[in-house]
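**Student:** Would you mind keeping the following structure in view while I ask a few things?
The values are calculated or read from the model by the stated rules, or taken from the named source; none is laboratory data. The shown structure was predicted, so the numbers you read here are calculated from the model rather than taken from an experiment. Don't worry about glycine lacking a Cβ; one is built from the backbone with ideal geometry, like all the others, and counts go over all protein chains shown. These accessible areas exclude ligands, DNA and RNA; they are computed on the full protein's heavy atoms, side chains included. Shrake-Rupley method; radii C 1.70, N 1.55, O 1.52, S 1.80 Å.
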Amino acid sequence: MKDNIILIGFMGSGKTSVGIKLSYQLKRTMIDTDKWIEQKQKMTVAEIFEAYGEDAFRSMETQCLKELIEVAEKQIISVGGGLPMKEENHRLLKQLGTVYYLRVRPEVVYERLKSDTTRPLLQVDNPMERIQTLMEQRSPIYERCADISIDVSDLTFEEILEQITGEKISCS
Ligand code: S3P
């Protein structure tokens, strides 16, 4: 197994923000699978969904993990919210490092993402209902995929980082 820190969780759970802060604290670089795919395709995630469909995007996510296994060592890797839904990806994530699940309540996601237009899966008439439905389906899978689960809804960044690194620091 490689020595990367992998962050999984629902859209809006804070994977990217936590990942950036972790990368400063641990002086490690950070990779985001959505950004990796966007750079390769020279398209945004929304454009990929629109042009090729969700299944094609999911294949790109698996390909991205395979590439990361070749190149990533001691990095922070934040993965798209749907990536752990594919069973094949669990094995790849385990090869990449320790998997942390940032568990968050649906209302928190809604508040954070209600004005967001970049997540194609939430561009629906009733985003709260979609968040709840997706979360019900996905939560047990995230739990199964993770080595460590952290309930982040009521935690500060300092507290989340402390749970991951075991070190107390100030994020301000
Ligand atoms: C998705 C989450 C997004 C992105 C895509 C699909 C999902 O990433 O990969 O819009 O299925 O939950 P974030 O979790 O970084 O928002």
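**Student:** Suppose we filter the stretch 44-54 for residues that are more than 12 Å from the ligand (Cβ to nearest atom) and part of a helix (DSSP H, G or I); how many remain?
**Tutor:** Summing the residues that are more than 12 Å from the ligand (Cβ to nearest atom) and part of a helix (DSSP H, G or I) in the stretch 44-54 gives 2.
**Student:** Go through (1) surrounded by 12 or more Cβ atoms within 10 Å (Cβ to Cβ); (2) of a type outside the set (A, V, I, L, M); (3) part of a helix (DSSP H, G or I) and name the single condition Glu136 misses.
**Tutor:** Checking Glu136 against (1) surrounded by 12 or more Cβ atoms within 10 Å (Cβ to Cβ); (2) of a type outside the set (A, V, I, L, M); (3) part of a helix (DSSP H, G or I), the one that fails is (1).
**Student:** Any chance you could count how many residues in the stretch 4-36 are part of a strand (DSSP E or B) and closer than 16 Å to Ile148 by Cα?
**Tutor:** Total satisfying the criteria: 5.
**Student:** When you go through Glu107, Glu143 one by one, which is the residue that is at pLDDT 95 or above, assigned to a helix (DSSP H, G or I), open to solvent by 80 Å² or more (accessible area, probe 1.4 Å) and away from the ligand (no atom under 14 Å from the Cβ)?
**Tutor:** Of the residues listed, the single one that is at pLDDT 95 or above, assigned to a helix (DSSP H, G or I), open to solvent by 80 Å² or more (accessible area, probe 1.4 Å) and away from the ligand (no atom under 14 Å from the Cβ) is Glu107.
**Student:** If you don't mind, there's one more thing I want to ask. Evaluate the following for Gly14: is it near the ligand (Cβ under 9 Å from one of its atoms), touching a residue at least 12 places away in the same chain (Cβ under 8 Å), crowded, with 19+ Cβ neighbours inside 10 Å and under 22 Å from Tyr110 (Cβ atoms)?
**Tutor:** On the way: near the ligand (Cβ under 9 Å from one of its atoms): no; touching a residue at least 12 places away in the same chain (Cβ under 8 Å): yes; crowded, with 19+ Cβ neighbours inside 10 Å: yes; under 22 Å from Tyr110 (Cβ atoms): yes.
In short, no.
**Student:** Right, here's the next one. Which of the residues belonging to the stretch 110-125 are part of a helix (DSSP H, G or I) and open to solvent by 50 Å² or more (accessible area, probe 1.4 Å)?
**Tutor:** Across the stretch 110-125, the qualifying residues are Tyr110, Glu111, Arg112.
**Student:** Within the bounds of the stretch 138-149, is there any residue that is touching a residue at least 24 places away in the same chain (Cβ under 8 Å), of a type in the set (Ser, Thr, Tyr) and under 24 Å from Thr44 (Cβ atoms)?
**Tutor:** Taking the stretch 138-149 first, the residues touching a residue at least 24 places away in the same chain (Cβ under 8 Å) are 138-139, 141-149.
With the extra rule that they be of a type in the set (Ser, Thr, Tyr), the set shrinks to 139, 142, 149.
Narrowing the set further to residues that are under 24 Å from Thr44 (Cβ atoms) leaves none.
Checked against the condition, which is being touching a residue at least 24 places away in the same chain (Cβ under 8 Å), of a type in the set (Ser, Thr, Tyr) and under 24 Å from Thr44 (Cβ atoms), the stretch 138-149 yields no hits at all.
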